[in-house]
Structure formats: C-alpha cells, structure tokens
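Each remark here refers to the structure printed beneath this line.
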Amino acid sequence: MVHGEEMKKNLVDQVSCWLKIFDDGSTDRIWMGPPEFEFMAKPVPAHEEFIDGVATRDVAVDEVSGLSVRIYIPEGISMDGPKLPVLLHFHGGGFCISQADWYMYYQVYTQLVRSAQAICVSVRLRLAPEHRLPAACDDGYSALCWLRSVAQAKFAEPWLDAHADFNRVFLIGDSSGGNLVHEVAARAGSERLDPVRLAGGVLLHPGFAKAERTKSELKKENESPFLSLEMVDKFLALALPIGSTKDHPITYPMGPNAPHLDELKLPPFLVALAELDLILDPELEYIEALKKAGKDVEIFNSYGVGHCFHLNKVTVEMDPQNVAKRELLIAAVTDFIKRH
C-alpha cells in the first residue's frame, strides 16, 4: 500500500437517501437527499438559556455504555410551583438512523413541552446495524431506570430534582420509537419502579410491520422520503436480530411470536394514526388487539397526511392545513397528558 493512501471502502448497501453501508462494516448517515431538507437531520446544540420558551441540556446517563439524554424544560416554572409531568421520548428512524438532537425532533418537542407544560427527556438510542435490536429497547428501559434513580435521589439532575413529577411519567415515541413505547411499557409492567409511575404511553405512527405484505404498504401514493417500502424492508432487515423476520415481537407485538397482550400490564395508551401512512394497517391491527385484550387505548386520526408528517417542517409549512393538523396532533397529545 502506498504511504498515505487510504484503504478503499466498497459500498455494499444503501437505504434511500439516509444510510450507506460499506464492506468494512462502517456506515455513513450523511443526508443524500434534496438539500432543502438537510437541516432537519442536523443536530441542534443544547442551550441552557431559554429560547422561544424552552431550555435544553444534554446529560450523560451511563459513562460506560455512552447512554445519554437531552432534557427539555419550559420557561416560567418556579421552584415552589407545581411539579411537571415527564415525557420519556424515543426517536424514530427505523432503529437505524436519527438522533435525539436532530432539528426534526427539536422543533416538535419544544412545541409539545410548551403546550403540555411538561419536561421531555429524549433518549439518544444506539443504532443498527452496529447495534441490532434489542439494543434500542435496552437503552429505552435503561433511561426509565435512570429516571427512577433520580427520583430515589441516587443520581442528581438539577432540572428533574426541582421540577419533575415522577408520579406522572409518560413514554412517547415517533415511528419506531412507538415500538419502544410498547416494549419499555411491557418490560416495566413486571418491575417495581417506585417512586416512578408510568401514567401513559403515546405512540405516534408506530413502526409496526409484519412479514406478510399489507394493503397500505402496497399503495405507492403512501410512500414518501420519510417512509418508503424500501426503507421498511431494509431498515428492519438491518435492525432485527439476525435470522428474524418482521414477525418479531418488537415489530409485530400483536403477532403469534409476541407475549399475549392480555397478560401484559400496560398503562393507558394514545395511538396517533395518519390516513396516508404506509404502515397504517399494522397500526390498526395493533389497536384492535389492544382493545380485544381489554387495554385502555385512545386513537387520534390525522387525515390527508402520511407517516410522521409532523416531523417534516418543510412539507408541513408549505400547506396551512398541514400546520393546523400538526397543531391538532400536539393538542391531542397535550390533552391526553393533562387527563392522566
């Protein structure tokens, strides 16, 4: 090899404009799509001063594993005021892309924190294929256990110590983060979390799928840069344990390979749906399975929009109707939090 010459890497797979995988096992998650969308996949630096009514800070949860969280807190709260509910947030990305500090989440969760007057703790999840499932599930549950440690005064976090109501902790997740809401809630149901109490779970267009093609998946008009059939297939092939199909319990929790829903202790759930979601059919199947199992589940529908439309600032703000639909979604989540 010539001195200074780098070993050439060969591309072995690519997933849409989101992910490249090379023959040496390395990955590249630099946005490859239209440049006007790139800012949404860029990190927003944490700011402990209030900007537009919200402050944020990044906190290391586990120095050994590298697990960390981003905390959002609304302006105007006082030390002697009422404690605020805590939203433990799991980002989406098909378990393979995306980070808690990306602008697409920042712009939505700052809005939700203001609306719900809540603290958001967004978990930086490990990504596949470097870390296949259940790594992200483990990270989500570890973050919940960290909240318990803070509540028990075993770990100091000033914002949470001063303002968090640990009796009202909600799990919330977008897309594949919705899968984690189910997984973490199911795991927590068999554990003692005192003094933490899971008050509810919010699944925003959860990333459920199964091996058999569904009618909604076959509708080409339901595809978008945020979710295509290629992305569903390739991301889940990279994320699920080797040898698994989409009938795995993490992606198909109402399927025959998953624990029976009626045997799980789950908090009340709000499941948000989008009429044009590519994976709408598995989401509907999940809701019906929850109802059949006697679980407390509410539904919120957004019509005329696709998968996780609320995260796509560009397309939302091109249409005043979509702005209104995102406002309605945030209002529905806010209402669910206030009622629980």
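Annotations
- For the stretch 176-190, the condition of being in a strand (DSSP E or B) and surrounded by 20 or more Cβ atoms within 10 Å (Cβ to Cβ) holds for none of the residues.
- Looking only at residues in the stretch 16-43 that are β-branched (V, I, T) and modelled with pLDDT of 95 or more, the one that is least open to solvent (accessible area, probe 1.4 Å) is I21.
- Residues that are more than 13 Å from D281 (Cβ to Cβ) and in contact with a Leu (Cβ under 8 Å, 6 or more places away or on another chain), drawn from the stretch 199-223: G200, G201, V202, L203, L204, E221, E223
- Hits in the stretch 224-235 - residues which are surrounded by fewer than 19 Cβ atoms within 10 Å (Cβ to Cβ) and not in a loop (DSSP other than H, G, I, E, B): S224, L229, E230, D233
- Scope the stretch 67-86; condition open to solvent by 70 Å² or more (accessible area, probe 1.4 Å) and of a type outside the set (K, R); matching residues: E75, G76, M79, D80, P82
- The combined condition, being under 22 Å from A211 (Cβ atoms) and aromatic (F, W, Y), is fulfilled by F235.
- Residue in the stretch 292-337 that is modelled with the lowest pLDDT, counting only those that are within 20 Å of the chain's Cα centre (by Cα) and basic (K, R): K313
- Number of the exception - L144 against (1) of a type in the set (A, V, I, L, M); (2) touching a residue at least 24 places away in the same chain (Cβ under 8 Å); (3) farther than 19 Å from L67 by Cα: (3)
- The stretch 198-218 residues that are outside any loop (DSSP other than H, G, I, E, B), paired with ones that are of a type in the set (D, E) (beta carbon under 8 Å, 6 or more apart): L204/D174
- Every residue from the stretch 23-33 that is under 20 Å from V232 (Cα atoms) and not aliphatic (A, V, I, L, M): T27, D28, R29, W31, G33
- The stretch 199-223: number of residues that are over 28 Å from C120 (Cα atoms) and either β-branched (V, I, T) or open to solvent by 10 Å² or more (accessible area, probe 1.4 Å) (or both): 12
- For the stretch 165-175, the set of residues classified as open to solvent by 10 Å² or more (accessible area, probe 1.4 Å) and of a type in the set (A, V, I, L, M, F, W, C) consists of F166 only.
- Residues located in the stretch 125-164, provided they are among the acidic types (D, E), part of a helix (DSSP H, G or I) and surrounded by 15 or more Cβ atoms within 10 Å (Cβ to Cβ): D138, D139
- For the stretch 236-246, residues that are hydrophobic (A, V, I, L, M, F, W, C), outside any helix (DSSP H, G or I) and within 21 Å of the chain's Cα centre (by Cα) total 1.
- Top-ranked residue in the stretch 109-124 [being open to solvent by 10 Å² or more (accessible area, probe 1.4 Å) and touching a residue at least 60 places away in the same chain (Cβ under 8 Å); ranked as farthest from N167 (Cα to Cα)]: Q111
- Residues that are under 21 Å from G173 (Cα atoms) and of a type in the set (A, V, I, L, M, F, W, C), drawn from the stretch 241-261: I250, M254, A258, L261
The values are calculated or read from the model by the stated rules, or taken from the named source; none is laboratory data. No experiment lies behind these values; they were computed from the predicted model shown. Note: ideal-geometry Cβ built from the backbone for every residue, glycine included; neighbour counts use all protein chains shown. Accessible surface is based on the protein model in full, side chains and every heavy atom, while ligands, DNA and RNA are left aside. Shrake-Rupley method; radii C 1.70, N 1.55, O 1.52, S 1.80 Å.
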